[in-house]
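Participant: Could you have a look at this structure, given as structure tokens, before my questions?
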Amino acid sequence: MTTTTVLQDVAKVGSPRKRGANLWSTFPWPLLPFFLFLALFFFLPIGAVFINSFKNNDGAFTFENIQALFHDPYRMAFLNSIKLGFYSALTASIPGVLLALAIEKKGGKNLKKFIASVSGVLANTGGVPLAFMFLAAFGPSGLATNLFKSLGLDLYSLGFTLFSFNGLLIVYSYFQIPIMIIVFTPALTALRREWRDASSNLGSTPLGYWRHVGLPILAPSFIASFLLLFASAFSAFGTARAMTVGNIALVPLQIGSLLDGNVTIDKANLGYSLALGMIVISLLAMIPYILLQKRASRWQVR
Amino acid sequence: MMNFRKNLDANIALAIAAIFLFLPLIAATEFSLRDGGTEKHSLISYRWILDQSGFSENLGITMRVMALAVILTLVLMVPTVTWLHLGGEKYKRLIDVLTMLPLIIPVVALATGAQLALPGFVHGTVYELSFLYVVVSMPYTYRALDIGMSARPLATLVAAARNLGASWINVMLRVIVPSILPSIFAALFMTITLSLGEFTLAQLLHWNTFPTWITNISQQNILGATALAVGSLFFAWVLLYIFTFLDRQPTQSAVNEE
Amino acid sequence: MGNSLKIEGLSRNFGSVIALDDFSLTIKKGELVSLLGPSGCGKTTALRIVAGLERASSGEITLNDKKITDVPAHKRNMGMVFQSYSLFPHLTIEENVAFGLQMRREPKEKRIGKAGELLELVGLTTQHKRFPHQLSGGQQQRVALARALAIQPEVLLLDEPLSALDAQVRQNLREEIRRLQVELNTTTLFVTHDQEEAMAISDRVGVMSHGKLEQIDTPDELYNRPATLFVASFIGAMNRIPTQLKDGEVEVLGEKHSVKNHNEKDGNVTALIRPESIELLHDSTYHNAVVVTRSFLGASSRITVRIGDGSILQSLMPSSDSMELHPGDLVQAVITDKKVLITNA
């Protein structure tokens, strides 16, 4: 799946195309069902979030819900979620790239097929099932914990716990690393052997090849993949809900409990402004990518 | 042997990854086979799953939601992507971007909005999930179909079929669909895995589906919940295996090699 | 002028497949030598080993009397042009050409100056700020050539650089490669599967088959005195006529001919005759062939005839002499060579 190349398109859409005078005759009618579907089941709900973020309980216009985002506990939750998204992207993208490189180096067609199918399944794990698998392995009496204990390494006496920010990072990496492998492998495959040969032929060391050729060419895809990982960890709900016991404030969890009606009624519309905040941050996260892509689009063949 | 040493770094990386991958899996499998608090192993936890009254009921709901999502994906996405490749090329970039949005906008936010506003004919029924699943899996289904169609000379095939007197319906069903069948399977597989495991939308819109049911009963029986986790993961694997098998048969061999 | 590149006893096997078998070759300073052969004959493997991109199982490479067998590729100072797509896509044309100098830590002004100089040599001065994908295939290969020459290489290595181009561009570029190579007096090893290309621009051509060098000689010698049957049939078209060798003579098309190569034993042999050595006489009273087809090629025409035993021969004649030949015509096929080449295979 070349999700990264699509992201590259996101960055490229420029000014709206000039429309002819007669909209009726130029409208792409075959796309009408698609546009309608997306309008009703995507833009309508997202628009509703936007509008309701600015309403109080009586339906009157207000900035209160938005202002609340800049105060604890919501401010804290946003900071935590952004941190979680960023660190999870960091801790998953680097091993993911190394693994993708290792797979590429080993080559074999069957290995690649196997990895692709394993990654496909693991990228979709999450929630309670994933939490229980990790509990069975790394929980206080888990298989791996006991194994380390018998080797003389007591993880939990060293302060390790799954139910912490770092624990969350480890659990997330179980689906984040496979996502990274899936989205980054096509970019690696597109690196041509001729480039490596030419660079060493022209006097460049293997390190120089990566510095001057490999990394610059891969950078847009890497940033795109990183962004995807960020978005995935930033907004992960099921796994966070299963792994935390109210000890880490995260925006998706706060939205969840607000929607569940577990909160006093005067905050009813706060859930919408929290959701709007998430949307805005997700879109802001695209900016560095768009800037990089602007530069890269000069040389990319599309 | 020499080959192994040459790829030493790659082999070490893959070995570490395999340990990280299999440790939770093995641990969970072992855990799920425990007989109560004892050291003995049995299938008791798996039997417990089947005894739960909600099992078949919630699995049934998920299956129906999934079926509708699959049908919607087929009916909506296949003609749309086909048209983009046969005359609608100038809209391709726009659609590329639109289909990417569901990946960027958090599902939690979509769920929040879906609670507020959805078209009346599905709002308030469990099948609203199907429509939302189509949207959430769209980045993947669209890509799968797009890649599949880019690899085929669709315009030529259609011109040839039309030239031989085929109607548009016939062209669609007998020319286009068969020639991109593997990518249709790939697209549907995305919808299916998403529908089987989706938790966020179902939970936030207060529907009982198989994943929310697993989450709820996990509080009653930890061993049973682990058994469920292991069981559903292997189920997904089997499903994926079947799909890659289907995927391989028609094209991958001869046609792709050219 | 001394020897520039010396390759001795190079072998390479991939598992049980022998890609290169005891391959030796010496190239003089400023000489252009081609390696010619069908795909899989080992020519590219030989080139890549010389470049240091692959390792030989055994054998030695010497450059200017220095052993370089174990020198890594990036220290060999050899410029290489690949089949296609070898330009770095994220660098401008100028930056591509200057890449080798950048790796050698030359100052920026010098890099740009040198790149400009080479781009002028290949006629692409106005394109220097463009990116590779904005150039045509032929232009890209010119840039690749400039990039390889920018490092002032001891040896220029060309790995089928023309095979992805259109016929017209291919012909122009090959002349240009030769012009530059002569002008700069660069020792060059050129790998190709296109015999016309190899024959047109090389000082010497080495014909390879199954990892072995069958024969290495000037284009004229290869054409006129092929050492093996493989070379004979690979270089140019060749008619093969089964016959018998007796007392240094063979009978072909009813006439006796002495043989060029006397080292064959008496018995069953095959006579090898070039199409241009077969003349068809229309008004002769003696007929030994019937015209099957005639294709007009311009100054000359190719005529196929069927002879008595049913086999087909090709003749290449001036078009003006063959205008009257039509399919079905009875003719006399005559071999114009005094001596013919035979093989006992």
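Participant: Can you list the residues, at least 5 places off or on another chain, whose amide H is less than 5 Å from the amide H of C:GLU54, using H built in the peptide plane?
Facilitator: C:ILE49
Participant: Please compare each pair in C:LYS6/C:LYS67; C:LYS256/C:LYS338; C:LYS43/C:LYS212 to a cut-off of 21 Å on the Cα-Cα distance and tell me which ones are over it.
Facilitator: From the list (C:LYS6/C:LYS67; C:LYS256/C:LYS338; C:LYS43/C:LYS212), the Cα-Cα distance tops 21 Å for no pair.
Participant: Moving to a separate point now. Take the alpha-carbon centre of segment B:184-222, take the same for segment A:95-118, and report the distance between them in whole Å.
Facilitator: Segment B:184-222 and segment A:95-118 have Cα centres separated by 29 Å.
Participant: B:MET63 versus B:LYS40, label points 7 Å from Cα toward the beta carbon: distance in nm?
Facilitator: It is 3.4 nm.
Participant: Same structure again: Which FRET efficiency value, to the nearest 0.05, is calculated for A:PHE61 and B:ILE222 with the Förster distance at 60 angstrom and r the Cβ-Cβ distance?
Facilitator: 0.80
Participant: Turning to a different aspect of this structure: Hey, could you get me the Stokes-Einstein D for the protein assembly as shown, Kirkwood radius over alpha-carbon pairs, 25 °C and 0.890 mPa s, rounded to whole µm² s⁻¹?
Facilitator: Diffusion coefficient, whole number: 74 µm²/s.
Participant: Using the alpha-carbon centroid of each, what span in Å lies between segment A:126-168 and segment A:20-41?
Facilitator: 53 Å
Participant: Leaving out ligands, DNA and RNA, calculate the buried accessible area for the pair C and A with a 1.4 Å probe, summed over both sides, in Å² to the nearest 100.
Facilitator: Roughly 2200 Å² of accessible surface disappears when C and A pair.
Participant: Follow-up question, since we're still on this one. Provide the per-residue ³J(HN,Hα) series for segment A:62-76, in order, calculated from phi with Karplus coefficients 6.51, -1.76, 1.60 and θ = phi - 60°, each as a whole number of Hz, with x at glycine and proline positions.
Facilitator: Ordered by residue, 3J(HN,Hα) equals 7, 9, 3, 4, 6, 4, 4, 5, 8, 10, 5, x, 6, 4, 4 Hz.
Participant: What's the FRET efficiency of C:ASN268 with C:ASP337 using the Cβ-Cβ distance as r and R₀ = 22 Å, to the nearest 0.05? Mind dumping the intermediate values first?
Facilitator: Details: r = 21 Å, r/R0 = 0.94.
Plugging the Cβ-Cβ distance into 1/(1 + (r/R0)^6) gives 0.60.
Participant: May I pose another question? Keeping all protein chains in place, calculate the accessible area per residue for segment A:90-189 (probe 1.4 angstrom), answer in Å².
Facilitator: Spelled out: the 1.4 Å probe surface of segment A:90-189, per residue, equals 41 Å².
Participant: Counting only protein heavy atoms and a 1.4 Å probe, tell me what percentage of the protein assembly as shown's accessible area is made up of carbon and sulfur.
Facilitator: Looking at the protein assembly as shown in its full context, I get 59 percent from C and S.
Participant: Separate question: Quick one: if the Förster radius is 56 Å, what FRET efficiency do A:PHE114 and C:GLU196 give, using the C-beta to C-beta distance and rounding to 0.05? Don't skip to the answer; put the middle values down first.
Facilitator: Details: r = 47 Å, r/R0 = 0.83.
Efficiency computed from Cβ-Cβ geometry: 0.75.
Participant: Where Lys and Arg each count +1 and Asp and Glu each count -1, what net charge lies around A:LEU99 among other residues with Cβ under 13 Å from its Cβ?
Facilitator: Local net charge: +1.
Participant: With a Cα-only, solvent-free Debye model of chain C, what are the log10 I(q)/I(0) values at q = 0.12, 0.14 Å⁻¹?
Facilitator: Taken in order of the listed q values, log10 I(q)/I(0) reads -0.92, -1.09.
Participant: Can you give me the long-range amide H partners of C:ALA19? Hydrogens built in the peptide plane at 1.01 Å from N, cutoff under 5 Å, separation of 5 or more residues or another chain.
Facilitator: It is C:ARG12, C:ASN13, C:PHE14, by chain and number.
Participant: A further question on this structure: Please work out the Cα center distance from segment C:181-218 to segment B:146-183, rounded to the nearest Å.
Facilitator: Cα centres, segment C:181-218 to segment B:146-183: 47 Å.
Participant: Also, I was wondering about something else. Work through the residues other than C:THR336 whose Cβ is under 15 Å from its Cβ and net out their charges, Lys, Arg +1 and Asp, Glu -1.
Facilitator: 0
Participant: Which residues in segment C:308-345 have a backbone N closer than 20 Å to a point placed 7 Å from the Cα of C:VAL290 along the Cα-to-Cβ line?
Facilitator: C:308-315, C:324-334
Participant: In terms of Cα to Cα distance under 13 Å, which aspartates and glutamates are near enough to C:LYS265, apart from those fewer than 8 places away along the same chain?
Facilitator: C:ASP247, C:GLU249
Participant: Over segment B:65-251, with a single point scatterer placed on each C-alpha, what log10 of the ratio I(q)/I(0) does the Debye formula yield at q = 0.15, 0.20 1/Å?
Facilitator: For segment B:65-251, the Cα-only Debye profile gives -0.97, -1.37.
Participant: What net charge do the residues around C:VAL97 carry, taking every other residue with its C-beta under 15 Å from that of C:VAL97, with Lys and Arg at +1 and Asp and Glu at -1?
Facilitator: Numbers: positive: C:ARG104, C:LYS108, C:LYS110, C:ARG111, C:LYS114, C:LYS129, C:ARG130, C:ARG142, C:ARG147; negative: C:GLU94, C:GLU95, C:GLU106, C:GLU109, C:GLU117, C:GLU120.
Summing Lys and Arg as +1 and Asp and Glu as -1 gives +3.
Participant: How much accessible area is lost when chains B and A come together, counting both sides, with a 1.4 Å probe, in Å² rounded to the nearest 100?
Facilitator: Details: alone 15520 and 18530 Å², together 26830 Å².
The B and A chains share an interface burying roughly 7200 Å².
Participant: Tell me, what is the percent relative contact order of segment A:68-299, built from C-alpha pairs under 8 Å that lie six or more residues apart? Working shown, then result.
Facilitator: Values: 212 pairs, mean separation 75.5, N = 232.
In percent, rounded to a whole number, it is 33.
Participant: Hey, another quick one. As a test of the definition: which semi-axes, in Å, follow for segment A:68-299 when you take the square root of five times each eigenvalue of its alpha carbon gyration tensor? Largest first, please.
Facilitator: Gyration-tensor ellipsoid for segment A:68-299: 36, 26, 15 Å.
Participant: For a test of the definition: using alpha carbon positions, the gyration tensor, and the 1.5 limit on a/c, classify segment B:56-162 as rounded, prolate or oblate.
Facilitator: Prolate is the answer for segment B:56-162, as a/c is 1.5 or above and a/b outweighs b/c.
Participant: Membrane-span-like helices in chain B: DSSP H runs reaching 30 Å or more (Cα, own axis), mean Kyte hydropathy at least 1.6?
Facilitator: Flagged H segments are B:8-32, B:222-247.
Participant: Tell me, what HN-Hα J-couplings in whole Hz come from the Karplus equation 6.51 cos²θ - 1.76 cosθ + 1.60 at θ = phi - 60° for each residue of segment A:273-285, using x for Gly and Pro?
Facilitator: Karplus-based 3J(HN,Hα) across segment A:273-285 equals 5, 4, 4, 4, x, 5, 4, 4, 5, 4, 6, 4, 4 Hz.
Participant: Longer than 24 Å from Cα to Cα, which of A:LYS109/B:LYS90; A:LYS105/A:LYS149; A:LYS294/C:LYS129 are they? Say none if no pair is.
Facilitator: Pairs exceeding the cut-off: A:LYS109/B:LYS90; A:LYS105/A:LYS149.
Participant: Could you work out the relative contact order of chain C? I mean the mean sequence separation of Cα pairs under 8 Å and 6+ apart, divided by the number of residues, in percent.
Facilitator: Relative contact order comes out at 16 percent.
Participant: Per-residue HN-Hα couplings for segment C:288-294, Karplus 6.51 cos²θ - 1.76 cosθ + 1.60 at θ = phi - 60°, whole Hz, x for Gly and Pro?
Facilitator: 10, 8, 10, 5, 9, 9, 9
The values are calculated or read from the model by the stated rules, or taken from the named source; none is laboratory data. Worth saying up front: this structure is predicted, and the values here are computed from it rather than measured. Glycine gets a Cβ as well: all are built from the backbone with ideal geometry, and neighbour counts include every protein chain shown. Heavy atoms of the whole protein, side chains included, go into the accessibility calculation; ligands, DNA and RNA do not. Shrake-Rupley method; radii C 1.70, N 1.55, O 1.52, S 1.80 Å.
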